[in-house]
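Structure, as structure tokens:
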Amino acid sequence: MFSIKDSGLSNVWTHATDIVADHGKGVYIYDTKGVEYLDFTSGIGVTNTGHCHPKVVSAIGKQAESLIFGQMNIVVHNPILKLVEKLKKIVPKGLDKFFFANSGAEAVEAAVKLAKQSTGRSNVIVFQGSFHGRTHLTMSMTTSKTVYRTQYQPLVSGIFVSPYPYSFYYGWDDDETSRFAIKELERLLLTQTAPKETACIIIEPVLGEGGYVVPPRGFLKTVREICNEHGIILIADEIQSGFGRTGKYFAIQHEDVVPDIMTMAKGMASGMPLSGIAYKHDLEKNWIQGSHGGTYGGNPVCCAAAVATIDVLEEEKLVENAALRGKQLKEGLNKLKQQDSRIGDVRGLGLMIATEFVKDNEPDPETAKAVIKEAAAQKLLLLGCGTYGNVVRWIPPLIVNEEQIDEALEIFGDALGKI
Ligand SMILES: Cc1ncc(COP(=O)(O)O)c(C=O)c1O
């Protein structure tokens, strides 16, 4: 009998399921026995165009036949140039320079390094509950759970944490939560990291691992104003929320706020390892040439996949579909909430939606875990998140249709009834 534990794979990985995946198509993933699963995880927000979209597959194949690798310090190539042209049309206006890497954490590293050299300042402000990656720098910036940093100390210094405006957690309305979080951010700048020492403030425009939290309207604008006042770089970490996930190309576009730097990964290349930053060209006056880079960043096959991904998002109107199907999903979940007091909150933007479980006003991870397990037994794959593990996140591919949303809601309702 196969067991992942004895397979020779490192035990450092956690596994949400013991599925041995054979192939994927659209919203479905299949195991080696041909069992079909409705994949509402999208590989943690990666396969936004669905598994193996034919246009993405074809672009990868074609590019692999002509050039698999062209190292950026030696040559540039057409796929990366095309990608830059495509990205310029969809990122917030004003971001006109691009650097590419392979993973989300590397994009965050690049963003912070750029912020440090362009300001000549050393410190970084992050928000409580954020997830920015697992390298030493990004782990030090990650505050969603202690597991990501336990026994890896000492952490990188100069990182300061401000509260994320998480209204449901605090039990306050949005205005009060926003006021509190802004006050604490301003206090941090008075008490722990002076503005003249603060290079950047980095924020997930929708908190991801930390619980799929949408900040109150206006919060991001106020953070932008604070950054403007003090010459601090604002970095939007759109690694999970980008590429149409929230019903706009990037979540920060819901608020009309333009960051100085934006990080991207996950949904960018439909599963090929590609990440990047988009930034305002003024910033790079002080980014010392040669002080950052990497062997593989901007790989031609990955860039070709990203170009095809953006084409598919446009041609199939997937950003609009995310908004539409997200509305349907949220309405369905809100109906379940009315019938089941264990669901304390339903929130989110587009197809980045959370159901938060509580018991006696306290986080209830047991129910969240049990419902995810029961849904998987019924062939619906869901993921958890949140500091307490009491949030179920809904993150299906953006190609999901009305029937598949209904089917997932039915399974979820049935699973809840069984636990
Ligand atoms: C918002 C955010 N930033 C950064 C990362 C790190 O990305 P990666 O795992 O590709 O390094 C993640 C991954 O989940 C993320 O959600």
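Here are a few things to note about the model shown:
- Filter result (under 13 Å from Gly50 (Cα atoms) and among the polar types (S, T, N, Q)) within segment 296-320: Thr309
- Boolean, Val57 is under 23 Å from Leu382 (Cβ atoms) and of a type in the set (A, V, I, L, M, F, W, C): no
- Some residue of segment 357-366 being of a type outside the set (Phe, Trp, Tyr) and either in the same structural domain as Val147 (by TED's automatic domain parsing) or more than 24 Å from Tyr164 (Cα to Cα) (or both): yes
- Within the option set Asn286, Asn321, Asn334, being free of Cβ contacts under 8 Å to residues at least 24 places away in the same chain and away from the ligand (no atom under 16 Å from the Cβ) holds for one residue only, Asn334.
- Of all residues in segment 229-255, those that are within 11 Å of the ligand (Cβ to nearest atom) and under 20 Å from Arg393 (Cβ atoms) total 9.
- Any chance Tyr37 is touching a residue at least 24 places away in the same chain (Cβ under 8 Å), among the aromatic types (Phe, Trp, Tyr) and touching a Phe, Trp or Tyr at 6+ places or on another chain (Cβ under 8 Å): yes
- If you filter segment 188-214 down to residues that are within 16 Å of the ligand (Cβ to nearest atom) and assigned to a strand (DSSP E or B), you find that the one that is nearest to Leu349 (Cα to Cα) is Val213.
- Filtering segment 215-227 to residues that are over 16 Å from Ser130 (Cβ atoms), part of a helix (DSSP H, G or I) and within 23 Å of the chain's Cα centre (by Cα) leaves Lys221, Thr222, Arg224, Cys227.
- Lys280 surrounded by 22 or more Cβ atoms within 10 Å (Cβ to Cβ) and modelled with pLDDT of 95 or more: no
- For segment 164-183, the criterion of being closer than 17 Å to Val124 by Cβ and out of contact with any Gly (no Cβ under 8 Å at 6 or more places or on another chain) is met by none of the residues.
- If only residues of segment 11-54 that are of a type in the set (A, V, I, L, M) and touching a Lys or Arg at 6+ places or on another chain (Cβ under 9 Å) are counted, the one that is surrounded by the most Cβ atoms within 10 Å (Cβ to Cβ) is Val46.
The values are calculated or read from the model by the stated rules, or taken from the named source; none is laboratory data. Predicted model only: the values in this text are computed from it and were never measured. Backbone-built Cβ (ideal geometry, glycine too); neighbour counts: all protein chains shown.
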